[in-house]
Amino acid sequence: MASLPEPSPDPPGLATIFLSFLLLGATAFGGPAMVEYIRRLSVEEKGWLDERSFRDGVALCTTVPGATAMQVAAYVGLRIRGVYGAAVSYIGFGLPAFLFMMILSALYLEMRGIGMAISAFQGLKVLVVAIVGAAAISFSRDTLTGIRPFAIAAIAAALFLAGVSPILIIILAGALGVLIGTPLPVQGGASGDAMGSTVRPLLLITLCAAGLFLALLLFFPALAGIFALMFRIDLFAFGGGQASLPLLYHEVVQARGWLDAQTFLDGIALGQVTPGPIVISATFIGYLLQGPLGGIMATLGIFLPSFLMVIGIAPYFPLLRSSTRMSRAFGGIVSSFAGLLISVTILFGSQIPWNLPRVLIGGGAFIALMGKVRVHWVVLAGIIVSLLFL
């Protein structure tokens, strides 16, 4: 039976892990950029993992769907204190973003008719286009390393703009990856001696989640719908948190009409001004649909699959990555998200009533982001300029 490497000989307490990741999560602006700060915490400052073990975790978390930084936090906890460590590091890292988003969602409902709030949100929508566009270019530059990945990305973009479900596009991309794609590069390798399997806790958490869903389905079907949708989206969000945007947009705006495109953009904008991954925007969606309970269920749905995949796949990851077909399928899926991000940038941009101030704000934000300026500084500057000129 596959198992995880041995944790550090003198592992920290669960409270220490939780507080360390809680403090880190409170300043976790920049999404995947936070992986470097997790490395500094766990490798350089605390000595919980060595460099190679950490790289193994990054390889795993960039290959499976979900928010990469959140998954890396869970992986670190898993390596040093097993499943309990994974749980407290994952919750600690994501809790600040959840609390901020719940508060901002409540304020949004109260303030969206106020003049200053309108100006700020108009600017944030422009910033979202710049942020997603910069992410699309950076992601494409790192992912599309040949004509075959580029072709898969182009097919994905065309199909998404034509209205095809992103989930179907992902399945097609995986098949194309097996047929014509190139394997993902291997980073690191298996390491360490064996410890206990994660199968039993994985099954227990899965059963609890299934029980929760059945209870919601019986007594609160609207909440069950939100939970199930977010759960499904996270299962297919290959390529990090940004990869969830095409899926969220399609399901929430186009397929179900739960929110209009402008309100959806507001939620993405709020996801950029809070710490943590951009998928925390799911909390905003759930809150607007069903109040605080909707926000809680949406958050559980969008983050639980990522956690389950980390603790479930980590023991088997070296074997999976050694399979050429699996690696080609992963490569095709990741390539497709470059195309999906480009197409989402186009769709988001079409929702903006462009004028000269908005072009200047968006262009300046894009240039700054491509120049590696931290996203929270870009957002802060954009809000100030929007209040002055929009």
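Residues considered: Gly163, Gly189, Gly196, Gly211. Of these, the only one that is at pLDDT 80 or above and either within 23 Å of the chain's Cα centre (by Cα) or under 30 Å from Trp48 (Cβ atoms) (or both) is Gly163. The residue of region 234-254 that is farthest from Gln272 (Cα to Cα), among those that are touching a Pro at 6+ places or on another chain (Cβ under 9 Å), part of a helix (DSSP H, G or I) and hydrophobic (A, V, I, L, M, F, W, C), is Leu235. Out of Gly82, Gly77, one residue alone is buried (at least 20 other Cβ atoms within 10 Å of the Cβ) and either under 16 Å from Leu308 (Cβ atoms) or in the same structural domain as Gly294 (by TED's automatic domain parsing) (or both). It is Gly77. Against the criterion of being in contact (Cβ under 8 Å) with a residue 40 or more places away in the chain, in the same structural domain as Ala136 (by TED's automatic domain parsing) and surrounded by 23 or more Cβ atoms within 10 Å (Cβ to Cβ), Ser336 qualifies. Here the condition is being touching a residue at least 12 places away in the same chain (Cβ under 8 Å) and assigned by TED's automatic domain parsing to the domain that holds Ala151; of Gly267, Gly257, Gly291, it holds for Gly267 alone. If the condition is being free of Cβ contacts under 8 Å to residues at least 40 places away in the same chain and either at positive phi or not in a helix (DSSP H, G or I) (or both), then region 43-85 contributes Lys46, Gly47, Asp50.
The single residue among Leu347, Leu360, Leu320 that is surrounded by fewer than 22 Cβ atoms within 10 Å (Cβ to Cβ), assigned by TED's automatic domain parsing to the domain that holds Pro246 and under 25 Å from Ala209 (Cβ atoms) turns out to be Leu320.
The values are calculated or read from the model by the stated rules, or taken from the named source; none is laboratory data. Model, not experiment: these values are computed from the prediction. For neighbour counting, all protein chains shown are included, and Cβ atoms are generated from backbone atoms with ideal geometry for every residue, glycine included.
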